[in-house]
Structures are given as C-alpha cells and as structure tokens.
Amino acid sequence: STVSRRKRGLVIPRAQYIENKCLLTNIQQLLLVDYINDWAHKGLPPTPAIVRNFALDIYSKTPGINWVSRFAFKYRDRLSLEFLQVIDLSRQKADNLYKYKLYFD
C-alpha cells in the first residue's frame, strides 16, 4: 500500500519530509552558525536564549525548548568553542559597567 501511495504522489520521500519539518533551511542554519561565531570571536558568546531569539528573528516563529541544544549538537564541529559555555557566577557579577567605572575612577 505504501508503494501504491508513493506512486500516486500521496507520500513524499523521507529526506523531503525531514527538510519540510526543519525550522530553518540549511542556508539559514549556516548563516546562524556564522553569526554565532562572529559574536563569540568579538568576546560576546550568545546564550541559548539569545540564539533562540536569533532563530525567532529569522523564522518569525519561536523554536522549541530543545531546539538550541539540538542545533548546537548538529553544528558542534563548526561552532566556536566559547558558545554555550557557562560563565562563573563571580565573574558574571564582576563583569558590569558600574563596577568598571568604580574601579577606574
């Protein structure tokens, strides 16, 4: 029955089905990888929430909760090493403009 439905055009090939289910096209995904790497090389590696917002801007639809982790796993060999690394809490507290102004004044 599956072969019959496929011959009549009622069933699409699996590769096309998977591509239709993807949030972003392959080109959009590669552009997002480049954008993440640009941010990371500038010293501002984006958090998962920021990456979700980037995808939202591209697709105009909010990605799922696990989308960023799946995306990072898929492109782990292309993403910069700084991406998705946790910042130490004491370093995060010390890294703000007010504290810098106090120190240098």
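The values are calculated or read from the model by the stated rules, or taken from the named source; none is laboratory data. The structure presented is a predicted model; accordingly, all values stated were derived computationally and were not measured. The area values use the complete protein model at the heavy-atom level, side chains included, leaving out ligands, DNA and RNA. Shrake-Rupley method; radii C 1.70, N 1.55, O 1.52, S 1.80 Å.
The per residue volume of the convex hull around the alpha-carbon atoms of segment 19-71 is 73 Å³.
Going by accessible surface with a 1.4 Å probe and the largest first, Tyr59, Tyr103 read Tyr103, Tyr59.
Thr47 exposes around 70 Å² of accessible area when a 1.4 Å probe is run over every protein chain in place.
With the whole protein complex present, Val11 retains an accessible surface near 40 Å², based on a 1.4 Å probe. Backbone phi angles across segment 37-43, fed through the Karplus curve with coefficients 6.51, -1.76 and 1.60 (θ = phi - 60°), yield HN-Hα couplings of 5, 4, 4, 5, 5, 7, x Hz in residue order; Gly and Pro are listed as x. Across the protein chains, with a 1.4 Å probe defining accessible surface, the residues Leu97, Leu24, Leu56 rank Leu97, Leu56, Leu24 from largest area downward.
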